[in-house]
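Participant: Just dropping this structure here.
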Amino acid sequence: MGSFATIVAVLLAVPFLCQVDGRISNKEGCDLFEGSWVNDTSYPLYDTNECPFIEKEFDCQKNGRPDKFYLHYRWQPSACKLPRFSGQDFLEKLRGKSIMFVGDSLSLNQWQSLTCMLHVAVAQANYSSVRIGGLSTFTFPTYNAKVMFSRNAFLVDIVSTPNGAVLKLDSIESGKIWKDIDVLVFNTWHWWLHTGRKQPWSLIQDGNVIVKDMDRLVAYEKALKTWANWVDSQVDPTKTKVFFQGVSPDHMNGSTWGESNPSSNCKGQMQPIFGTTFPGGQHPAEAVVEKVLQTMTKPVYLLRVTTLSQLRKDGHPSVYGHGGHRDMDCSHWCLAGVPDTWNELLYAALIQN
C-alpha cells in the first residue's frame, strides 16, 4: 500500500506538492486550505443574472436576500495566494474531456457554481444543458467539454425489496456510469443523518446482516470504504483524476460558533467567522473521510473545504432559498458564494498538473 503523500504526488504529478493526513502543502510550506476570509471588492466572480440555468434555491439575491456582504469575500491561504480562477484556461484543460460531480445537492451546488463560472468566462461560447433522470450534462461544444452532475446521495446503492428500500453499504453498482470520466469529484454526507420522511431507506444491509438502523457515522465509514475499494479496483490514475469534495457543514446550531441564543442559526448572519479556526472544532464526518482516504492505494485528492466552509455562517440561503420564508436552509450555499471557492481550489489542483 502506498503512502498518502505518494498517492497524491502521483495524482497531481507535481514534484513539490504533497499531502499528509489530508493536509496539502508545497515547498514553501503553504496549505491552501488553512487561511481566512478577506473582503475583496473584485468578488463575486459572476452575477447570477448571467447564468439563467442556476437553480432557484441557490439564487439568494433573486429570492430577496437584502444584503450583499457575503458576495465579496475571498479565501486567503495563510502562507500564499490562491491562483486566480481562469474559466478559459479551465476549459482548455478540459478540452475533449469530461468532469463529473457525483453526490447529493451539495455536489449540485458545486456543479452549478462551476458551470456558471465557466459560462461567464466564455460567454460567447455555445452551451447545452440536458438532464436525464439523475444525470445532468452541461456541454461546451466549442471545447468538446462536458461538466456533469450525477445525483447520488450515498454513493452506495439503495435497492427496492418487498420489505422496503434497503441501503446496501457494501454494494456500488451505480459506479458503472463513473467509468471513462476524466475527472471525478465525489461527495456524500448530507443525507446520512436524515430520519423520518426524509430518510429514503427502510433498512440497512452490511454483507448478510440487515438491520433497522445503526450508528450513522459507522454506516458512513462502511459506505466510504466500499467507495474506496471501488476506486482502488476500477480507476486507472493515468486516465482519471479522482477528488473527494470534503464535508460541507451546516450552520443550524449557533452555539458551535459561540452564539449565546440556543436557537440561533444561519438566519441573519452577514459576516464570516474571522480567523483561521472554527470554534466548534473538527467536523466528525471530516475525520472519517480522512481516515478512509489514508487506507487507499489509488490517488485521491481531498478538497479539504470543511473548515473554510465552517467559517462562512453567512453564506447560506436561510429563508432566501425558495423566495419565501417557508424553509430555513442552513445547509446549501448561496450562489455566487462559497462553492465558487471550492472550484477555485479544484482549479488550483488541476493546474498543478
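The values are calculated or read from the model by the stated rules, or taken from the named source; none is laboratory data. Source: prediction; values computed, not measured. Neighbour counts run over all protein chains shown; Cβ positions are idealised from the backbone, glycine included. For accessibility, only protein heavy atoms count, side chains too; no ligands or nucleic acids. Shrake-Rupley method; radii C 1.70, N 1.55, O 1.52, S 1.80 Å.
Participant: What number of residues within region 165-176 are under 22 Å from PHE101 (Cβ atoms) and open to solvent by 30 Å² or more (accessible area, probe 1.4 Å)?
Facilitator: Residues flagged as under 22 Å from PHE101 (Cβ atoms) and open to solvent by 30 Å² or more (accessible area, probe 1.4 Å) within region 165-176 amount to 3.
Participant: I'm checking my understanding of the structure. Among residues of region 31-53 that are in a strand (DSSP E or B) and open to solvent by 40 Å² or more (accessible area, probe 1.4 Å), which one is farthest from GLN310 (Cα to Cα)?
Facilitator: Result: ASN39.
Participant: Which of the residues spanning region 248-260 are open to solvent by less than 50 Å² (accessible area, probe 1.4 Å) and more than 19 Å from VAL305 (Cα to Cα)? It would help to see each step written out before you state the result.
Facilitator: Going residue by residue through region 248-260, those that are open to solvent by less than 50 Å² (accessible area, probe 1.4 Å) are 248-249, 251, 254, 257.
Passing the criteria: only GLY254.
Participant: Now for a different question. Filter region 177-196 down to the residues that are open to solvent by 10 Å² or more (accessible area, probe 1.4 Å), outside any loop (DSSP other than H, G, I, E, B) and within 27 Å of PRO339 (Cβ to Cβ) and list them by number. Even if it seems obvious, please write down each step before you answer.
Facilitator: Of region 177-196, the ones open to solvent by 10 Å² or more (accessible area, probe 1.4 Å) are 177, 179-183, 189-191, 193-196.
Okay, now just the ones that are also outside any loop (DSSP other than H, G, I, E, B), so 177, 183, 196.
Answer for region 177-196, where residues must be open to solvent by 10 Å² or more (accessible area, probe 1.4 Å), outside any loop (DSSP other than H, G, I, E, B) and within 27 Å of PRO339 (Cβ to Cβ): ILE177, VAL183.
Participant: Shifting gears a bit: For THR297, are the conditions met, namely being buried (at least 23 other Cβ atoms within 10 Å of the Cβ), in contact with a helix residue (DSSP H, G or I) (Cβ under 6 Å, 6 or more places away or on another chain) and at pLDDT 95 or above?
Facilitator: Numbers: buried (at least 23 other Cβ atoms within 10 Å of the Cβ): no; in contact with a helix residue (DSSP H, G or I) (Cβ under 6 Å, 6 or more places away or on another chain): yes; at pLDDT 95 or above: yes.
It is false that THR297 is buried (at least 23 other Cβ atoms within 10 Å of the Cβ), in contact with a helix residue (DSSP H, G or I) (Cβ under 6 Å, 6 or more places away or on another chain) and at pLDDT 95 or above.
Participant: Right, ASP89: over 22 Å from TYR320 (Cβ atoms), of a type outside the set (S, T, N, Q) and either open to solvent by 40 Å² or more (accessible area, probe 1.4 Å) or at pLDDT below 95 (or both) or not? Write out each step before concluding.
Facilitator: Details: over 22 Å from TYR320 (Cβ atoms): yes; of a type outside the set (S, T, N, Q): yes; either open to solvent by 40 Å² or more (accessible area, probe 1.4 Å) or at pLDDT below 95 (or both): yes.
When the stated conditions are applied, ASP89 passes them.
Participant: If you scan region 261-283, which residues turn out to be modelled with pLDDT of 95 or more and exposed (fewer than 14 other Cβ atoms within 10 Å of the Cβ)?
Facilitator: MET270, the sole residue that qualifies.
Participant: A further question follows. Among the listed residues LYS146, LYS212, which satisfies the condition of being without any contact (Cβ under 8 Å) to a residue 24 or more places away in the chain and either in contact with a strand residue (DSSP E or B) (Cβ under 9 Å, 6 or more places away or on another chain) or surrounded by fewer than 21 Cβ atoms within 10 Å (Cβ to Cβ) (or both)? Outline the logic, then answer.
Facilitator: Working: LYS146 fails: without any contact (Cβ under 8 Å) to a residue 24 or more places away in the chain.
The unique qualifying residue is LYS212.
Participant: Looking at (1) closer than 17 Å to TYR46 by Cβ; (2) part of a helix (DSSP H, G or I), find the lone condition where ALA125 falls short.
Facilitator: The failed condition is (2).
Participant: Only one residue in ARG95, ARG131, ARG84 is within 19 Å of THR341 (Cβ to Cβ) and basic (Lys, Arg). Which one?
Facilitator: Details: ARG95 fails: within 19 Å of THR341 (Cβ to Cβ); ARG131 fails: within 19 Å of THR341 (Cβ to Cβ).
The conditions single out ARG84.
Participant: Any idea which of (1) open to solvent by 20 Å² or more (accessible area, probe 1.4 Å); (2) under 20 Å from the mean Cα position of the chain (by Cα) is the one ASP236 doesn't satisfy?
Facilitator: (2)
Participant: Do we have any residue at all in region 140-157 that's of a type in the set (S, T, N, Q), part of a strand (DSSP E or B) and over 18 Å from TRP230 (Cβ atoms)? Talk me through it step by step, then tell me what you get.
Facilitator: Step one: filter region 140-157 for residues of a type in the set (S, T, N, Q), giving 142, 144, 150, 152.
Pick out the ones that are also part of a strand (DSSP E or B) and you get 150.
Subset that is over 18 Å from TRP230 (Cβ atoms): none.
No: zero hits.
Participant: Residue under question is LYS62, and the condition is that it be open to solvent by 30 Å² or more (accessible area, probe 1.4 Å), modelled with pLDDT of 95 or more and not acidic (Asp, Glu); does it hold? Give the derivation first.
Facilitator: Values: open to solvent by 30 Å² or more (accessible area, probe 1.4 Å): yes; modelled with pLDDT of 95 or more: no; not acidic (Asp, Glu): yes.
So LYS62 fails the test.
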